[in-house]
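Below is one structure, written out as structure tokens, with a few remarks after it.
The values are calculated or read from the model by the stated rules, or taken from the named source; none is laboratory data. Predicted model only: the values in this text are computed from it and were never measured. Heads up, the Cβs are rebuilt from the backbone with ideal geometry, glycines too, and the neighbour counts pull from every protein chain shown.
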Amino acid sequence: MEKSAIRDPGFYLMIAIGLAALFIGPLVVDMFTIMQVTQYVVLSVFALSLGYIWGFGGILSFGQAAFFGLGAYTFAVASINIGETTIPLILSFLLPAAFGAALGYFMFYGKLSDVYLGVVTMVVTLIFWKLANHTAGPEYVIGKARLGGFNGIPSIPTLNIPGEPDAWLDPAQLFQVFMAILIAVYVGLRLLIASDFGRVSIGIRENETRASLLGYDVRKHKVIVFSIGSGIAGLAGAMWATYQSFIDPNAFGMEMSAKALVWVMAGGVGTLVGPILGVILLQWLTLKLGMMELLNSFVVLGAIMMALVLALPKGMVPTLRGWALTGWTLARRGRGAARAKKPGEEGGAG
Amino acid sequence: MTTINRRLFIKSTGAAAALSLAAPLVARAAADPIKVGGLHDLSGALDSIGIPMNQVFQMAIKEINDAGGLLGRPVEGVIYDPQSNMSLYSQYATQMAVKDRVAVVMGGITSASRETIRPIFHRFKTLYFYNTQYEGGVCDRNEITLGTTPAQTVRRVIPYAMNLFGKRVYTIAADYNYGHITSAWVKRFVEENGGEVIETEFFPLDVSQFGSTISKIQAAKPDFVLSAMVGTSHLGFYRQWAGAGMKSQIPIVSTVFGAGPEQVILTPEEGNGILSCFGYYEAVDNPTNTAFLARVKAAYPDNTPTISEISEVTYEGMMIWADAVREAGSIEREALWEVMESGKTYDLPAGKVSIDPKTHHAIRDVYIAELQDQVFQIKEAFPQSQPEDTQMVCDLVADPEANKHYEISL
Amino acid sequence: MTEVEGYKILRTRGLTMQFGGVTAVDNVDLDLNDGELRCLLGPNGAGKSTFFKCLTGQLTPTRGEITFKDQPITGWNTHDIVNLGVGIKTQVPNLFNGVSVYENVRLASRRKHMPAMAREIAEKMMEKCGISHLARREVGLLAHGQRQLVELAMVLAEEPSLILLDEPAAGMTGDERDRLAQLVLEAARGSAVIVVEHDMQFIRQIAKFVTVFNRGAIFREAMIDDIMRDRAVQEIYLGKQANAAA
Amino acid sequence: MDYFIVVALEMVRAVAWLVLLSAGLAIIFGMMRVINFAHGEFLMLGGYTVVTSTHAGVNEAVAILILAPLSVGLFGIIVERLVIRRLYGRILDSLLATWGLSMLMIGGVTLIFGNTVEGIASPFGGMAIGAYQVPIYNFVLIGFAALVLFGVWVVLKFTRAGLIARATMQNPAMAEALGVRTSWVYMATFGIGSGVTGLAGGLIAPVTGVVPTMGVNFVGQAFITVITGGAAVITGTLSSATLLGTISQATTFLAGPVYGDAALLLVALVLLRLLPQGITGRIFKRSL
């Protein structure tokens, strides 16, 4: 977990897979599939935002959708008003990050923790959801953008090439840009986690008391982690808005927050690959179920979720890692039985 | 057999005969089914509305196939369940348009879902039928909108109710697009008829407690309450209203009650006397409707759906489309538009329906009905009502490229 | 109260900590010279750990004042107090369980130093505490005695001017304990140290001046030899608090 | 004047409503630290029990007061045995598992009963207060909310079972050492919590639309009430329901339902900031 990113082969493997998908994907796969995968990419960024603050900062947020929605609405309102998408995309990171910092200040300096922290984030999300739903009347306009209440904001522009507001990206290009963002977020988070700041965050996750007894300001640290996570969630929201070209208050919904929790949980807390796998698996499943005219999608999905929690409590990635490790050890033990027992590795690590 | 079906039958046999004379090359194409998309919520919050729509949709496909299919090809339904979830709507719409390449799509319930999928079908040039009664204002040549709009319903039911009960109206409405626009129309029609809207209150869709509102209404003493309340939470209003013993004191008129299965969920005591206005009720008295309801019953003997405007119109959509395909001899959008814009009148369970070429909305009969023992009794009919609201903002003849949902300001 | 003269690095006046109706620390006036090694004795529940928690800001005292390096630190945040130069080994070791021993110690030294220096100090402290061979082991999987040493290494790596050690010898083998005594004595050459301990053998190895707590208050302050002879102290240790307190 | 009586009555009813919605959840969360995300669906199940059994000819009062709590309580016990038991001490896992359960229940009830079941009319009709009509059933709701709280208090305070339950929640290891089968205590607690929820679901059935997705509308309010209240089941629920209910209802009267909801959430937010452990974490600490 604390293995330095630079030394971890898995890190490079992930980047390689990402780059391969980015460059080769559009050449070999049909347009429809590309559009589907684009969705997984967007939601993966969202899942990473929670995977980071939960897995590497020990902050469990039930309200990650607040920032997702904030980013989405920021992007929608800004892009409709400005008429191009580069500045709105940046804003949709900055505004949620700032709001996350403010909310984080409110919570962490108030020493909220545990379930209570979860509930406060959830309540904030609910407030956003209610307010967003309440903007149906014609008086709720920001510049040129009608907020639209329950029905949401339609006709959100597709991303354009920076500086050229009329050069809209086609679906394949959109996929490539999003994939690049996902890779950047993944690499950024891995490097952040490997940095001293990241290690302190892990320390805080492991033992808050000790971190403060070493002189680290736990509250400040958490605010920063939370704010980074909020910004990434906001960015994902903006990607979602431009991908769907509409946005409605469900972006603030409990379901959106809960989904993020499930993805991270199913994939594995304390990993970054896990949340991405969680998104792909569960979203694919939801989509397939709606097409199958099975009994009722809710029954199947609900059953699968319960089974996941009961059977793979640690999530897929750590469980698979565990199996792989056991298998490898067994194999090694089998082969190396004749050899002398190897002394444990010693000395300082990087 | 009903008139429409007899006519359809003759036409399709004619088409089949024509085909049998054609070259064997066409015969091979005959094996290829024509795909039609059905996008209705089959699970989640809106399933009680979506499932009957889907049942009728499937029944329509079966009827078309039983009559020999279209252009000698069978019709195949592509049905996805968007689970009352907007992002699934957008995905499945894309999938239908891009991957399944369906000839036409029926579906969408809320305006939100329609505005999610309408631009997609517009972009990919996939003909789209929206079959729900809604707030009006869609201007898009690609969309055929068959449901009623406020200018067709509110305009009729307001004077009717004012005549009956009095001139002071208290409006309660769902806090979203539909509720806001409908209540604006209510205000306009009430004032046009010399009455007064004393209060308009909006409720978020998840509010289920109405005690304070019921007290406020009593304090305001209106002659009747006009409700544009939507969804299952808002059903609580009718129950709590009846529970307070208000039913016998102030009557309720609704623009939307009965679009879903509301009348069946409420008990007779709670529902009796509610007035509403739609383009279709099961009680519509014509032979086409009688036969239609009998076929529904035969197709779903165990789980016969209660047919409301929204599901009957889904059937209309399929029939109108099938007729256009037969007449045009093609499934191409442009050819079908030409047929439908010709002002042709269709004889359907709801009565006579034609399509307004300027708005692609339906010109249709509208009924006012009163709920008695969970069944609507028709009180008055208004033949051939125009979608005047949408006509105010939309002229597809002048601007065929329009692609917008106007919010009609009053 | 104290006989030893010199610069008082730590001073408490009327320090009191109450939980509901229970007074865990009762009106404690304590002075500590710079560079002094003080032992804190007292039976379980005498309020020693609570006293430490007040000193480190983990608890905000109900009444009283704490002065450290001439600064009134009462009510400060833990990390601010720590950054002034207080290091504590808690009674139950507080460690970053999911990560390696090395990482634990490095996080301690990294607070004050740049990465290269932090690394050097961390390695030196592990060496000193005899846990270098454990460097890459996950802390959560270690035995109690080893965990104590890891925490000690962390405290030393912080290079604090006041070291608080709460039962450092618990769970240690004889060898480990001897090493610990050496370490404590060595540390006391650079910093002030307060040690809470029950292990009398260990106390004898390190102690000079001793403060005895009972029921939250200071019961005796004297040189170790006097304390060992003090009947009243023996009695409270034997559980006859009722008589002794009278 | 009579308007103010009506308004005041409405506030009390709002408080009673919150108490009913959250009492079962409070028992389960307060005593077991398990978050039952399917709480709304437990309410729904209570509602369905009442509606279906009434249609089958069962007396309405029997359905609400006996069948609903029994069947939901039983269902809760089954859920506890099959799922919750494996997840003690893992708040989050139990939350996710019960979230899955909530979807499963919505889908399952839709499959079994369909999504449209005729409801039952609210009994007793209305009564006049001055110029106003209020439902008599409001008083029933208020009465039962009080009764539920009183009942839980009596059980916890004066019965052996209550003592054992409190001991187990305080210190499971110690209770186990004293010969208490903690696993049974948990099961019973979950069952009773579910039963109370079932009763609440039955009681609200006549005033809401009983549909499979109805739970979603209640679960948020129930959670916020419970968490704001803190760990003490009775004082916590009562104090937070009173505070949130009156403030939100007053705002609803003054400004409309959206602001009523928003006020409820804001008050909860401020309270949690000031009292991070909920109301009973700071004030009324030693209460039940």
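Of everything listed in (1) part of a loop (DSSP other than H, G, I, E, B); (2) among the aliphatic types (A, V, I, L, M); (3) not assigned by TED's automatic domain parsing to the domain that holds residue B:57, the single unmet condition for residue B:371 is (1).
Under the condition of being charged (D, E, K, R), free of Cβ contacts under 8 Å to residues at least 24 places away in the same chain and away from chain D (no Cβ under 14 Å), the residues counted in the stretch B:294-326 number 1. Do the conditions hold for residue B:91, that is, is it within 14 Å of chain D (Cβ to nearest Cβ), not in a loop (DSSP other than H, G, I, E, B) and not basic (Lys, Arg)? When the stated conditions are applied, residue B:91 does not pass them.
Please indicate, with yes or no, whether at least one residue in the stretch C:29-39 is of a type in the set (S, T, N, Q), in contact (Cβ under 8 Å) with a residue 40 or more places away in the chain and in a loop (DSSP other than H, G, I, E, B).
First, the residues of the stretch C:29-39 that are of a type in the set (S, T, N, Q): C:33.
Pick out the ones that are also in contact (Cβ under 8 Å) with a residue 40 or more places away in the chain and you get C:33.
Now restrict to residues that are in a loop (DSSP other than H, G, I, E, B): none.
Checking the stretch C:29-39: not a single residue is of a type in the set (S, T, N, Q), in contact (Cβ under 8 Å) with a residue 40 or more places away in the chain and in a loop (DSSP other than H, G, I, E, B).
In the stretch B:228-240, the residue that is nearest to the chain's Cα centre (by Cα) out of those that are facing another protein chain (nearest Cβ under 10 Å), farther than 17 Å from residue D:17 by Cβ and free of Cβ contacts under 8 Å to residues at least 60 places away in the same chain is B:230. Restricting D:147, D:101 to those that are outside any loop (DSSP other than H, G, I, E, B) and more than 10 Å from every other protein chain (Cβ to nearest Cβ) reduces the list to D:147.
Across the stretch A:136-148, the number of residues qualifying as over 13 Å from residue A:246 (Cβ atoms) and surrounded by 23 or more Cβ atoms within 10 Å (Cβ to Cβ) comes to 1. Considering only residues in the stretch D:220-245 that are farther than 15 Å from residue D:147 by Cα, at pLDDT below 85 and surrounded by fewer than 24 Cβ atoms within 10 Å (Cβ to Cβ), the one that is nearest to the other protein chains (Cβ to nearest Cβ) turns out to be D:220.
Quick check: is even one residue across the stretch D:7-29 closer than 29 Å to residue D:164 by Cα, out of contact with any Lys or Arg (no Cβ under 7 Å at 6 or more places or on another chain) and modelled with pLDDT under 85?
yes
In summary, residue B:259 fulfils each of the numbered conditions (1) more than 20 Å from residue B:362 (Cβ to Cβ); (2) surrounded by 20 or more Cβ atoms within 10 Å (Cβ to Cβ); (3) within 14 Å of chain D (Cβ to nearest Cβ) with the single exception of condition (1).
Here the stretch B:228-266 is the region considered, the condition is being in contact with a helix residue (DSSP H, G or I) (Cβ under 7 Å, 6 or more places away or on another chain) and of a type in the set (Ser, Thr, Tyr), and the residue that is farthest from residue D:209 (Cα to Cα) is B:255.
Residues of the stretch B:211-233 that are assigned to a loop (DSSP other than H, G, I, E, B) and either at pLDDT below 85 or among the hydrophobic types (A, V, I, L, M, F, W, C) (or both): B:229, B:230, B:231, B:232, B:233. Yes or no: the stretch A:78-98 includes at least one residue that is more than 14 Å from every other protein chain (Cβ to nearest Cβ), closer than 15 Å to residue A:222 by Cα and buried (at least 20 other Cβ atoms within 10 Å of the Cβ). Looking through the stretch A:78-98, at least one residue is more than 14 Å from every other protein chain (Cβ to nearest Cβ), closer than 15 Å to residue A:222 by Cα and buried (at least 20 other Cβ atoms within 10 Å of the Cβ).
Could you list, in sequence order, all residues of the stretch C:85-138 that are in contact with a Phe, Trp or Tyr (Cβ under 6 Å, 6 or more places away or on another chain) and in a helix (DSSP H, G or I)? C:104 - this is the single residue of the stretch C:85-138 that is in contact with a Phe, Trp or Tyr (Cβ under 6 Å, 6 or more places away or on another chain) and in a helix (DSSP H, G or I).
In a residue-by-residue description of the stretch B:69-85, the property of being surrounded by fewer than 24 Cβ atoms within 10 Å (Cβ to Cβ), within 12 Å of chain A (Cβ to nearest Cβ) and part of a helix (DSSP H, G or I) applies to no position. Scoring residue D:134 on the criteria (1) of a type in the set (A, V, I, L, M, F, W, C); (2) crowded, with 22+ Cβ neighbours inside 10 Å; (3) assigned to a helix (DSSP H, G or I) leaves a single failure, condition (3).
Residue pairs whose Cβ atoms lie under 7 Å apart, sitting 6 or more positions apart in sequence or on different chains, and linking a residue in the stretch A:210-230 that is touching a residue at least 60 places away in the same chain (Cβ under 8 Å) and within 14 Å of chain C (Cβ to nearest Cβ) to a partner that is of a type in the set (Ser, Thr, Tyr) and surrounded by fewer than 24 Cβ atoms within 10 Å (Cβ to Cβ), are A:219/A:109; A:223/A:105. Residues that are in a helix (DSSP H, G or I) and over 12 Å from the mean Cα position of the chain (by Cα) were ranked within the stretch D:16-38; the one that is surrounded by the most Cβ atoms within 10 Å (Cβ to Cβ) is D:30.
Just so you know, in the stretch B:234-256 the residues that are in a loop (DSSP other than H, G, I, E, B) and touching a Ser or Thr at 6+ places or on another chain (Cβ under 8 Å) include one that is surrounded by the fewest Cβ atoms within 10 Å (Cβ to Cβ), and it is B:256.
Taking the conditions exactly as written (within 14 Å of another protein chain (Cβ to nearest Cβ) and on the phi < 0 side of the Ramachandran plot), does residue A:25 satisfy them or not? When the stated conditions are applied, residue A:25 does not pass them.
Considering the stretch A:8-24 alone, what residues qualify as being assigned to a helix (DSSP H, G or I) and surrounded by fewer than 17 Cβ atoms within 10 Å (Cβ to Cβ)? Working first, answer last.
Start the filter on the stretch A:8-24 by keeping residues that are assigned to a helix (DSSP H, G or I), which leaves A:9-24.
Those that are assigned to a helix (DSSP H, G or I) and surrounded by fewer than 17 Cβ atoms within 10 Å (Cβ to Cβ): A:9, A:10, A:12, A:13, A:15, A:16, A:17, A:19, A:20, A:23, A:24.
Please specify each residue of the stretch B:318-375 satisfying the condition of being over 19 Å from residue B:57 (Cα atoms) and aromatic (Phe, Trp, Tyr). Answer for the stretch B:318-375, where residues must be over 19 Å from residue B:57 (Cα atoms) and aromatic (Phe, Trp, Tyr): B:337, B:367. Would you call residue D:113 touching a strand residue (DSSP E or B) at 6+ places or on another chain (Cβ under 8 Å) and farther than 30 Å from residue A:62 by Cα? No.
Could we say that residue D:54 is among the hydroxyl-bearing types (Ser, Thr, Tyr), modelled with pLDDT of 90 or more and part of a helix (DSSP H, G or I) here? No: the conditions fail for residue D:54.
Just one of the listed residues (C:66, C:88) is within 10 Å of chain A (Cβ to nearest Cβ) and buried (at least 23 other Cβ atoms within 10 Å of the Cβ), and it is C:88.
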